[in-house]
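The values are calculated or read from the model by the stated rules, or taken from the named source; none is laboratory data. These numbers were taken from a predicted model, which means no experiment stands behind them. Backbone-built Cβ (ideal geometry, glycine too); neighbour counts: all protein chains shown.
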Amino acid sequence: MPRGIRAILFPQSSLVPHDARVSSLGRHRRSRRVRFGRSLAAVSLALAGLVLAAAFVGLTVQGNAIAREIAGYRSDIVADQAQHDGLAAQIADQKTADYVRQKARDYGYIAPNESIIAVQRDGQASDALARVVSEGPSRIGRWFAFFFGAR
């Protein structure tokens, strides 16, 4: 630019009223103390938000763990209830007269006006069968004969 000529970048217009608060020299700078205070407030608000978010996440995780534990306890209750119902049915069955009679017969008891009849399929007497079993070689003897017998 040549000397003596000043260019006006934004000339004042009579159509636009001039605001006295607007400075033509630029924006008024704030003091360092004000800027530091605002920065400190922004950082403290951000940290407070992070602390609250961490607390919320912790509570959510804990709530989910408790919900899983409750579901586990409810399934245990259902399983125990089913087992209880099965045992109650078994006890009701064991209280019947037919069950008691069958168990008594299993233990060798007989009812009045009944007799025990033993049937042997091979036709031998009990004493003879016992003698044959006792007279045979012992189990250990049979093992020795099997492994170390005549070859």
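Can you pull out every residue in the stretch 88-98 that is surrounded by 10 or more Cβ atoms within 10 Å (Cβ to Cβ) and of a type in the set (A, V, I, L, M, F, W, C)?
Ala88, Ala89, Ala92
Might you check whether a residue that is part of a loop (DSSP other than H, G, I, E, B), exposed (fewer than 10 other Cβ atoms within 10 Å of the Cβ) and at pLDDT below 85 occurs anywhere in the stretch 31-47? Steps first, please.
So the first thing to find is which residues in the stretch 31-47 are part of a loop (DSSP other than H, G, I, E, B), and the list is 31.
Those left that are additionally exposed (fewer than 10 other Cβ atoms within 10 Å of the Cβ): 31.
Going one step further and asking which of them are at pLDDT below 85, we end up with 31.
Yes, there is a match, as at least one residue in the stretch 31-47 is part of a loop (DSSP other than H, G, I, E, B), exposed (fewer than 10 other Cβ atoms within 10 Å of the Cβ) and at pLDDT below 85.
Just wondering, is there one or more residues in the stretch 65-80 that are modelled with pLDDT under 95 and either loosely packed, with under 10 Cβ neighbours inside 10 Å or of a type in the set (S, T, N, Q) (or both)?
No, the stretch 65-80 contains no residue that is modelled with pLDDT under 95 and either loosely packed, with under 10 Cβ neighbours inside 10 Å or of a type in the set (S, T, N, Q) (or both).
Examine the stretch 139-147 for a residue that is at pLDDT 65 or above and outside any helix (DSSP H, G or I), and state whether such a residue exists.
no
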